[in-house]
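K.L.:
First the structure, then my questions, so here it is.
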Amino acid sequence: MSGKPPNRKVFTAIAMSDANQPHIQRAAWLRKLYFIRAAFSLAWVALAFAAAKESPVVASGLLIIYPAWDALANLLDANMTGGAKANPTQILNTWISTLVTVAVAISLIFKLQIILVIFGVWAIVSGLLQLATAIRRRKGNRGQWVMMLSGAQSALAGGFFLAQQGSAMPILQTLGGYAAVGAVYFLISGLIVLFRQAKSGSGGFAPEEA
């Protein structure tokens with residue numbers, strides 16, 4: 001029985017496609033995560049500068065929701081990109097953000113004037129963990145240089161919050177500026193992944209530094 005030998009190029013292409021599936025799926029998830037986080041932060045900022053001015057209850061709710069959302073986002077990120085063992089920095093960030101949520105709630109209940117201290121410490125630690133996550137991901141996920149900048153900026157902002165504790169600076173508006181900058185970073189990261197996926201022509205991406 002005669003016939004043409006198997007086309008090695010076809011098999012190679014199929015194998016490469018199968019090998020790229022995890023990268024494609026991770027890219028799609030990260031793009032979605034970045035856009036969702038950007039949208040949430042922008043909505044939070046809008047409420048912080050609008051409704052919260054007129055309602056102490058809304059202001060308190062926003063202060064509690066912000067770290068709670070960060071905890072949930074980090075947990076989802078870890079679960080969708082390999083689980084806890086593959087994402088120790090996100091899991092640690094989840095626990096820290098959860099503790100911050102509780103600390104903020106206690107501070108508000110007992111009227112402790114330490115909100116900026118809590119957010120300052122949190123911004124420093126979570127920023128460094130975000131930086132570590134981006135460095136770990138940079139060889140397999142595009143756009144991580146933006147997340148590196150975001151993590152570093154968060155740590156610097158945390159130092160600023162600590163320095164402003166006890167001043168007359170409005171807390172919610174100060175944090176609103178911080179959240180707005182974070183939203184921009186997430187939006188840029190999502191757009192980078194989106195545009196490079198479109199450029200690849202397959203909806204996926206090949207591993208690339210930063």
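K.L.:
Pairs under 9 Å by beta carbon, first residue touching a residue at least 40 places away in the same chain (Cβ under 8 Å) in the range 99-113, partner charged (D, E, K, R) and surrounded by fewer than 12 Cβ atoms within 10 Å (Cβ to Cβ), six or more apart or different chains?
P.N.:
none
Residue-wise test of (1) in a helix (DSSP H, G or I); (2) out of contact with any Pro (no Cβ under 7 Å at 6 or more places or on another chain); (3) not aromatic (Phe, Trp, Tyr).
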| position | (1), (2), (3) |
| --- | --- |
| Ile91 | yes, yes, yes |
| Leu128 | yes, yes, yes |
| Leu131 | yes, yes, yes |
| Arg142 | no, yes, yes |
| Phe161 | yes, yes, no |
| Tyr178 | yes, yes, no |
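K.L.:
Which is without any contact (Cβ under 8 Å) to a residue 60 or more places away in the chain and either of a type in the set (Asp, Glu) or in contact with a Gly (Cβ under 7 Å, 6 or more places away or on another chain) (or both), of Ala134, Ala84?
P.N.:
Only one candidate qualifies: Ala134.
K.L.:
For the range 43-84, what are the residues that are more than 20 Å from Ser154 (Cβ to Cβ), assigned to a helix (DSSP H, G or I) and of a type in the set (A, V, I, L, M)?
P.N.:
Ala46, Leu47, Ala51, Ala52, Val57, Val58, Ala59, Met80
K.L.:
Return the pairs, sorted by first residue and then second, in which the second residue is polar (S, T, N, Q) and surrounded by 14 or more Cβ atoms within 10 Å (Cβ to Cβ), the first residue lies in the range 50-66 and is without any contact (Cβ under 8 Å) to a residue 60 or more places away in the chain, the beta carbons are less than 7 Å apart, and the residues are 6+ apart or on different chains.
P.N.:
Pairs that qualify, where the first residue is without any contact (Cβ under 8 Å) to a residue 60 or more places away in the chain and the partner is polar (S, T, N, Q) and surrounded by 14 or more Cβ atoms within 10 Å (Cβ to Cβ), are Ile64/Thr101.
K.L.:
Does Leu108 satisfy the criteria of being closer than 23 Å to Phe49 by Cβ, surrounded by fewer than 19 Cβ atoms within 10 Å (Cβ to Cβ) and at pLDDT 95 or above? Steps first, please.
P.N.:
Working: closer than 23 Å to Phe49 by Cβ: yes; surrounded by fewer than 19 Cβ atoms within 10 Å (Cβ to Cβ): yes; at pLDDT 95 or above: yes.
Here the answer is yes, as Leu108 does meet what is asked.
K.L.:
How many residues does the range 41-70 hold that are under 18 Å from Ala105 (Cβ atoms) and not aliphatic (A, V, I, L, M)?
P.N.:
Total meeting the criteria: 9.
K.L.:
Right, something else. Restricting to the range 152-197, and then to whatever is buried (at least 17 other Cβ atoms within 10 Å of the Cβ) and hydroxyl-bearing (Ser, Thr, Tyr), can you tell me which residue is farthest from Asn93 (Cα to Cα)?
P.N.:
Thr174
K.L.:
Which of (1) among the charged types (D, E, K, R); (2) modelled with pLDDT of 90 or more; (3) surrounded by fewer than 19 Cβ atoms within 10 Å (Cβ to Cβ); (4) part of a helix (DSSP H, G or I) is the odd one out, the single condition Asp18 does not satisfy?
P.N.:
Here Asp18 meets the rest and fails (2).
K.L.:
Considering only the range 118-147, state which residues are of a type in the set (A, V, I, L, M, F, W, C), over 19 Å from Ala71 (Cα atoms) and buried (at least 19 other Cβ atoms within 10 Å of the Cβ).
P.N.:
Once the filter is applied, which keeps residues that are of a type in the set (A, V, I, L, M, F, W, C), over 19 Å from Ala71 (Cα atoms) and buried (at least 19 other Cβ atoms within 10 Å of the Cβ), the range 118-147 yields only Val146.
The values are calculated or read from the model by the stated rules, or taken from the named source; none is laboratory data. What you see is a predicted model; the values in this text were computed from it and never measured. Cβ sites come from the backbone with ideal geometry, for glycine too, and all protein chains shown count toward neighbours.
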